[in-house]
Structures are given as C-alpha cells and as structure tokens.
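One structure below.
The values are calculated or read from the model by the stated rules, or taken from the named source; none is laboratory data. A quick note: this is a predicted structure, and the numbers were derived from the prediction, not measured. Each accessible area value is taken on the protein alone, full model and side chains, heavy atoms only, with ligands, DNA and RNA left out. Shrake-Rupley method; radii C 1.70, N 1.55, O 1.52, S 1.80 Å.
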Amino acid sequence: QVQLVESGGGSVQPGGSLRLSCAASGSIFSINYMGWYRQSPGKQRELVAAITSGGSTNYADSVKGRFTISRDNAKNTVYLQMDSLKPEDTAVYYCNAEIVQLGWSFALTYWGQGTQVTVSS
C-alpha cells in the first residue's frame, strides 16, 4: 500500500509565497517521477511541474520563473516552492507520483488527496 500526503496549502495575498510538500510512504521500491497538478473550478486538471528521479524538471509555461519543484529522494518527498503568486494560481493542488512497490516489476500512478491554494487580496 502506498500513500501520498500533501501539506502546505493555504491562503496568501498576490505576490506572496507558499511551499507545498508531498511525502510518499508505504511499500516503496522506487519512485520514477513526482509532480504537481492543479485544478480550479470548471477547468481540467493541469500539470504544474514535474521532476524525475535524476532531477530533470518540467514546468507549465504559466509558472516558469515563479515556481520551483525539488525532491528529497531519501525522504520520498517532493516540494513545490511557489513565489510571486497570482490570483489565477488559485486551485486545488494534487501531488502525483509513479511508484514501483516492493516486489513489483512495474510502476503505478498515485495521487494525493489535494490541498487548496487561494491567492486573493
């Protein structure tokens, strides 16, 4: 059994910062990929940022230069540092990871429960 537990969401004024964390736990052999998605009302869930086990990163154009994704492989944790936040960043943010469980030969995709980020004055 594998779980992704997110933390760090909240409310902030435009221009402010927040840091999201997501820790994977359970019977984990390896984590290939970790990322963050977001979904706001009436919109599809979209990729925000992703990072591979080797440290390669990918960002949505809308967050480049403002958000930074990082991971601690020893702690099975991924972070999203969000700076210069804008009202349009308001959404539920979901952690996502591709994980190989102990004793398994293939990876499955897991999702966190989501954490609300609200940017408003």
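Assorted remarks:
- For the range 1-55, the Kirkwood hydrodynamic radius from C-alpha pairs, put into Stokes-Einstein at 20 °C and a viscosity of 1.002 mPa s, yields a diffusion coefficient of 158 µm² per second.
- Length added when fully stretched, Ser62-Ala74, from 0.36 nm per residue minus Cα-Cα: 1.3 nm
- Beta bridge orientation in the range 5-111: antiparallel %, DSSP, nearest 5: 100
- Range of Cα positions in the range 65-121 per principal axis (Å), largest first: 49, 20, 16
- The relative contact order of the chain, computed from alpha carbon pairs under 8 Å that lie at least 6 residues apart in sequence, is 36 percent.
- Most mobile listed residue (Thr109, Thr52, Thr90) in the chain, GNM with C-alpha springs under 10 Å: Thr109
- More than 23 Å apart - percent of Cα-Cα pairs taken over the chain: 27
- Here the accessible area is traced with a 1.4 Å probe on the protein chains. For the range 61-121, carbon and sulfur cover 49 percent of it.
- Solvent-accessible area per residue in the chain equals 52 Å², computed with a 1.4 angstrom probe and all protein chains kept.
- Rounded Å value of the spacing that divides the Cα centres of the range 45-76 and the range 97-112: 18
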